[in-house]
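What follows is one structure encoded as structure tokens, with my remarks underneath.
Nothing in this text is a laboratory measurement; each read-out follows from the coordinates by a stated rule. Predicted model only: the values in this text are computed from it and were never measured. Positions of Cβ are generated from backbone atoms using ideal geometry, with glycine treated the same way; all protein chains shown enter the neighbour counts.
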Amino acid sequence: MNDFFAFVREHSSKLIEQTLTHIGLTFVSLLAALLIGVPLGIVIARRRRLASGILALAGVLQTIPSVALLGFLIPLLGIGAGPALVALFLYALLPIIRNTYVGITGVSPLLKEAAQGVGMTDRQILTKVELPLALPVIFAGIRTATVINVGVATLAAYVAAGGLGEFIFSGIALSNVNMMLAGAIPAALLAVLFDFLLAQLQQLSGKRLRVGALAFLLLTPFLSAFYLLPGREDKLIAGFAHEFYGRSDGYPGLQKTYGLLLRPRLIDQNLMYEAIHRKQVDIISGYSTDGRIKAYDLVVLDDNRHAFPPYDAALVVRQATLNRYVDLATTLNLLAGKLTDSVMTALNYQVDYQKKSTEDVAQNFLKQVGLYKRPAPGERTETIVMGTKVFTEQYILAELCRQLVEGQTALRVVTRTGLGGTQICFDALRTGSTDFSPEYTGTGLLVVLQPSADTLRALPMQPDSVYQFVRQQYVTNYKLDWLKPLGFNNSYCLMMRREQAQKLGIRSIDDLTRFLSK
Amino acid sequence: MIEISNLTKRFQTHTAVDHVSLNINKGETLVLLGTSGCGKTTTLKMINRLIEPTSGEIRIDGIDVRQQPGPELRRRMGYVIQDGGLFPHYSVAEAIATVPRLVGWTSEQIVHRTQELMTKLQLPTTLLNRYPSELSGGQRQRVGLARALATHPPVVLMDEPFGALDPFTRRHVRRELFGLNELKETTVVLVTHDVNEALELADRIALMDKGRIVQIGPPDELLTHPATDFVREFLDDKPHRPHE
């Protein structure tokens with residue numbers, strides 16, 4: 001609990017900004033939904049034949065899962081506020097239209113006739129009788145819409161539109177419970193608060209309700225202003241993955257090493273490449289061997305001050321397995337140094353972008369480097385298990401190892417490519433569920449070993465020193481050995497579009513920092 | 001004052017009002033009496049154009065009602081319906097001020113007239129800020145009448161105004177209300193199916209059946225010289241038949 005408060009204190013300014021953005025997102029979309037939904041509700045209350053069609057349409061929109069709705073909107077509206085606001089608007093629409101309709105049609109026909117009878121015009125009947133009497137019902141709709149929007153607005157962080165979802169998503173990506181709570185608790189409190197306030201308003205009667213409704217209507221654009229106020233114009237817009245934003249070897253590391261000051265938008269790591277490609281952001285965080293670097297003509301900015309630790313890929317194997325199959329290490333080490341950065345990037349590109357199968361890509365590569373052998377026929381009695389995390393590069397490595405080992409030895413290799421994260425992969429190895437896995441030195445260091453700050457400071461952030469440190473620690477503590485590095489370093493990195501980077505003369509992160517502070 | 005000639009209203013499946021003609025004199029209380037579905041309410045609502053006639057015409061002081069917009073026409077006629085037809089979100093004061101506001105009276109005029117009506121209708125001023133749900137049935141009916149009379153309309157239309165009251169209160173309230181000077185000077189067209197009410201209040205009764213006027217005349221005349229068996233039966237049948 002103390003950790004949580006410490007986190008909140010430390011990030012209070014960010015938290016306030018996110019909360020205001022969140023409120024803004026909620027109310028901009030709510031305002032739009034009111035402006036469209038109430039008149040639409042009035043129209044269908046007048047022309048009942050339209051009612052079922054319009055209510056059904058709004059109902060269908062409501063049933064689309066929010067993530068899917070964002071997914072549909074991204075190709076149309078890109079990332080950022082656009083899709084988030086449209087999605088929120090669509091969700092708020094149904095309760096508002098429906099309750100306006102139900103509220104107005106629920107007014108007794110006798111009263112409408114009485115209103116007509118005393119000489120009110122249609123418009124006066126609407127404004128003096130129907131709307132005031134429908135107001136509690138309409139407010140119930142607004143209340144529902146507001147609570148839905150506060151919840152759905154957390155997803156805005158998925159498309160770089162900000163809000164409290166930023167901490168929630170980052171927290172999930174980092175398994176950082178305090179961070180998750182720092183986003184989730186204020187979001188829940190906002191929902192409860194707005195629900196309570198609107199409930200109070202709804203329970204007012206007569207004139208006070210009308211005064212309250214007016215006050216609410218006047219307040220809505222004001223609350224929306226939190227979002228609509230133009231922010232400081234940034235020279236370059238950064239879009240970072242949530243994990244990168246929070247991990248100490250990510251953005252915080254860059255801030256410390258380079259004094260880099262950005263106001264990054266947080267975005268899902270798979271949408272990030274799309275976003276820079278569409279010029280919606282100018283800088284993204286990424287992985288240096290990602291195939292899309294090539295596909296979208298991006299450049300990796302040189303980390304000239306080594307803010308990012310090395311992430312050399314190597315295979316981690318149980319010592320017990322190595323002892324049992326003495327030729328296994330030799331066989332797997334055949335790959336050592338063969339997979340350079342550019343080779344791995346190209347392999348990722350073939351699978352990610354050209355949609356080739358991992359089997360073909362792996363076999364072609366093995367043939368090129370002369371390591372391919374057709375597996376010897378005959379039954380294989382001995383089996384080893386390889387585990388991997390869930391992304392393209394690891395799938396390719398699994399296929400490479402399987403074909404290599406089965407070609408060179410009499411072992412059968414079973415691949416388990418569904419281990420959803422560093423920790424899970426590591427636990428599988430330690431408990432013997434798997435025999436070996438690809439891992440990256442920096443990740444092993446920071447995610448698995450998590451040495452004290454002092455140890456980290458004393459450790460030179462060079463590929464070799466990190467590799468030696470990690471290997472020695474794994475062997476002593478976990479009886480796991482690191483084989484020779486495969487040759488590539490799948491590092492965190494900053495990327496820009498090549499043509500923009502060249503135009504601005506930015507080659508390294510230092511250049512970027514200098515450009516931004518000019 | 002009100003001349004109705006050859007008034008007909010056809011709905012899709014039936015003729016509700018069939019060539020009705022009648023004249024209503026200034027200051028007179030005319031009761032449209034008849035069973036449910038006889039066309040009496042339809043006739044009433046055509047006078048203030050809540051329903052538009054299929055054919056025929058209605059003139060008030062010689063002017064065809066269709067020459068003026070419905071809302072304006074209706075503002076010059078009081079309209080009282082069952083249970084007062086009060087808006088639940090209007091306090092008593094607001095209810096009485098409804099029509100004066102629509103026609104643009106000043107607030108002093110409105111306050112003055114409200115006080116006057118409250119006194120005349122024997123409503124305590126403590127009720128002014130109450131809402132209809134906080135009033136008794138009889139009080140609601142009086143407020144409904146006060147709303148209708150607020151701007152001194154020359155004509156007041158009433159559609160089963162006492163229908164929601166129990167028999168005792170009904171007798172009490174209607175005696176009291178129809179004893180008002182204000183109403184004596186006003187032309188009243190009242191729709192009811194209650195024979196006693198008609199006999200008690202009407203200067204003349206128009207007895208309707210199947211969209212036509214069967215007989216029209218002062219209550220005594222209908223009682224003593226019924227034009228048809230239907231008239232006799234309808235007036236004799238005490239307590240009158242339930243809705244048919």
Ranked A:LEU197, B:LEU190, criterion: other C-beta atoms within 10 Å, fewest first: A:LEU197, B:LEU190
Rg followed by Dmax, in Å, when the stretch A:89-245 is reduced to its Cα trace: 20.6, 68
Other-chain or far-sequence residues with amide H under 5 Å of A:ASP312's (modelled H): A:THR441, A:GLY442
Amide hydrogen neighbours beyond the local backbone of B:ASP18, cut-off 5 Å, H modeled: B:LYS9, B:ARG212
Under the Karplus curve 6.51 cos²θ - 1.76 cosθ + 1.60, θ = phi - 60°, whole-Hz ³J(HN,Hα) for the stretch A:149-158, x wherever Gly or Pro sits: 5, 4, x, 5, 4, 4, 6, 4, 5, 5
Net charge over other residues, Cβ less than 14 angstrom from the Cβ of A:ARG507 (K, R count +1; D, E count -1): 0
Peptides A:216-224, A:155-163 ordered by average Cβ neighbours within 10 Å, highest first: A:155-163, A:216-224
Chain A: antiparallel DSSP beta bridges as a percent of all, rounded to 5: 60 percent
Quotient of C-alpha Rg and 2.2 N^0.38 Å, computed over the stretch B:79-191: 0.97
Test item: Cα-centred dipole of the protein assembly as shown, Lys/Arg +1 and Asp/Glu -1 on Cβ, debye: 920 debye
Cα centroid of the stretch A:158-187 to Cα centroid of the stretch A:421-444, whole Å: 26 Å
Exposure proxy ranking, count of Cβ atoms within 10 Å, fewest first, for A:VAL299, A:VAL448, B:VAL17: A:VAL299, A:VAL448, B:VAL17
Contact order normalised by residue count of the stretch A:313-490, Cα under 8 Å, 6+ apart, percent: 38 percent
Nearest-ten-degree value, helix A:206-228 long axis tilted from longest Cα axis of chain A: 30 degrees
Overall Cα dimensions of the stretch A:313-490 - principal axes, largest extent first, Å: 52, 37, 27
For B:GLN215, distant residues with modelled amide H under 5 Å away: B:LEU207
Inter-site label distance for A:PHE216 and A:LEU50 at 7 Å from Cα along Cβ, in nm: 2.4 nm
Kirkwood hydrodynamic radius (C-alpha pairs) into Stokes-Einstein, the stretch A:327-411, 25 °C and 0.890 mPa s, D in µm²/s: 183 µm²/s
Vicinal HN-Hα couplings computed from phi for the stretch A:426-435 (Karplus, 6.51 cos²θ - 1.76 cosθ + 1.60; Hz; Gly/Pro x): 5, 4, 4, 5, 5, 7, x, 5, 10, 9
Phi to ³J(HN,Hα) by Karplus 6.51 cos²θ - 1.76 cosθ + 1.60 over the stretch A:54-64, Hz, x for Gly, Pro: 5, 5, 5, 4, 4, x, 5, 4, 5, 7, 5
For A:107-115, mean number of other protein chain Cβ atoms within 10 Å: 4
Test item: A:118-126 mean partner chain Cβ contacts at 10 Å: 6
Shape of the protein assembly as shown, Cα gyration tensor, a/c cut at 1.5: prolate
Debye equation applied to the C-alpha atoms of the stretch A:21-127, log10 I(q)/I(0) at 0.11, 0.18 Å⁻¹: -0.44, -0.88
Alpha carbon Rg of the stretch A:159-279, scaled by the compact-globule rule 2.2 N^0.38 Å: 1.41
Exposure proxy order (Cβ contacts within 10 Å, fewest to most) of A:SER248, A:SER491, B:SER55: B:SER55, A:SER248, A:SER491
